[in-house]
1. So what is the relative contact order of the chain, in percent, for Cα pairs below 8 Å that sit 6 or more residues apart?
2. Calculate the spin-label point distance for residue 65 paired with residue 140, positioning each point 7 Å from the Cα along the beta-carbon direction, and give it in nanometres.
3. For the chain, what does the helix formula give at 222 nm: sum of -39500 (n - 2.57) over DSSP H segments with n ≥ 4, over the residue count, nearest 500 deg cm²/dmol?
4. Roughly how big is segment 57-169's charge dipole about its Cα centre, with Cβ charges of +1 (Lys, Arg) and -1 (Asp, Glu), in debye to the nearest 20?
5. Along the Cα-to-C-beta direction of residue 115, a point sits 7 Å from the Cα; which residues of segment 384-427 have their amide N less than 18 Å from that point?
6. Mind checking the full-extension length gain between residue 166 and residue 318? Use 0.36 nm per residue of separation minus the Cα-Cα distance, one decimal, nm.
7. Kindly give Rg over Rh for segment 74-198, based on alpha-carbon atoms, with the Kirkwood expression for the hydrodynamic radius.
8. Mind checking which lysines have their Cα closer than 26 Å to the Cα of residue 31? Skip sequence neighbours fewer than 8 apart in that chain.
Amino acid sequence: MIQADNVRILRPAWRERKYRMDERIAAQLPKWRDQIKHLIEQHGDSAFEKVTVSQIYGGLRGVTTIVSDISYVDPEAGIRLRGYTIKELLELLPKAEGTEIPMAGGLYYLLLVGELPTFEDAMIVENTWHDRSTLPSYLLDIINAMPRDTHPMILFSQSIMALQRDSVFSRRYQEGMHKEDYWEATLEDSLNLTAKLPSIAALIYNHLYREGELTSPSEVLDWSANFAHMIGKGNDLEYHDLCRLFFIIHSDHEGANASAHTARLVNSTLADVYYACSAGLNALAGPLHGLANQACLKWLLGVYNHFNGLPTKEQLKTYAEKQLKKGHVIPGYGHAVLRTTDARFTAQRDFALEHLPEDEIFQLVERVYEVVPDILMATGKVKNPWPNVDAINGTLQYHYGVKEFEFYTVLFGMSRIMGFTAGLVWDRAIGKPIERPKSITTKRLSDFVESEQHQ
Ligand code: HAX
């Protein structure tokens, strides 16, 4: 039972108001479509950058492949969501009563519409989500039928696929929907799906770790806090705030990272939001992508246990240097694009300094931050020796009792689906075609390079 003085009241007066994101997106479409049409007509044959052989073999690292106006990773300022840094977002996005951390509803409005929401805009998204949050009973049956040792990401991806039968886009497509309306049907699917994410994630968590306990979303909590409530943390207000922070900072990281690009590629075939998001999550589940937060926490706990407590700086330096000599990486450090401390790390560190300065694993995070950058710089090869988002996020979950490492990627995915779906709505709005890049054989590539050399 949630105590009355612990809740952030969602304003009932706004419950009846229809969200206006569709109108606001529609109002911007002529301008965007004209701009893109002009770019293609006037500069369609301009080369933006050259692609090297190493890039073709090297996972297309750094090759610009798609446009995304939802977010951009600035090497120095970090991620900008619709142009705003994490610090700015934490200041500017609307907050529910009694908390300093913004509501996810406001962030989702920003990602979709591209404009800062008013408090009312954010509340309408929150209420729209609440009204659409009920899970169909067959989903409970599906989850309950799955063995307890099933990976939570499988259950997550599977749940989203199961909900596809209610896709508005697919139904309307079968009915002969006009191309101009694709984005609106995609928006409907996106709202329906994102509305259910806290309940889906909680259902999975409770099935795997809380003996199947069932809790409904609370009328009075926002989207993020509702997840906390449904996993039995309804009265832990600090954890509510951590959820708000976590879901905001993980929501998008450009459009061409493995999971976001997967979602957009699938959706470009006009497979709906459910197919696309499930596919995106499957990419996120890989150890090179969404699992880094667990690897980092495991590493920190390993260090802590090795020294039977907090190591001194000298001990930590020796330990980290040995690790590098063995050819291992220091998890949570480095980044393919960023060239400074990740603003998402800083935001979480500020949270920890305020709420859990005495936590010894957090103190270890701090010590690693003092010691490791110099060691990585000394290697002369690490391009960014600073911490990334994953250097701390597991530590925070662990502190508040969410100790099931393998579940952390579900939390990441829950947040990232906001970014995926905002991208999908806009891809359909600007009429992005099916993706079909080209592959090449090694022989053709070799022949090409040799013929270039002889010219
Ligand atoms: N520890 C040790 N060595 C590192 C390192 C680290 N934290 N970061 C980079 N390096 C090494 C690389 O392994 C590479 O060595 P080789 O030339 O011998 O192969 C060299 O430094 C140059 O790498 P880079 O250009 O600086 O970095 P990349 O773009 O190749 O890789 C990674 C970026 C994030 C994968 C890398 O920094 C890394 O492995 N970090 C540790 C794991 C980690 O924190 N992953 C989470 C990333 C956050 C994220 O994107 N989440 O979604």
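Each reported figure results from applying straightforward, stated rules to the coordinates on display, with no laboratory input. Keep in mind it's a predicted model, so treat the numbers as computed, not measured. Here the Cβ is made from the backbone with ideal geometry for all residues, glycine too, and neighbour counts use every protein chain on show.
1. Values: 632 pairs, mean separation 95.4, N = 455.
Once divided by the residue count of the chain, the mean separation gives 21 percent.
2. Each label point lies 7 Å from its Cα, and together they span 4.1 nm.
3. One gets -17500 deg cm²/dmol as the mean residue ellipticity at 222 nm.
4. On the way: 8 positive and 15 negative charges, 98 e Å.
Dipole size: approximately 480 debye.
5. 426
6. 49.1 nm
7. Values: Rg = 17.6 Å, Rh = 16.9 Å.
My calculation of the ratio gives 1.04.
8. Straight-line reach from residue 31, under 26 Å: 18, 179, 432.
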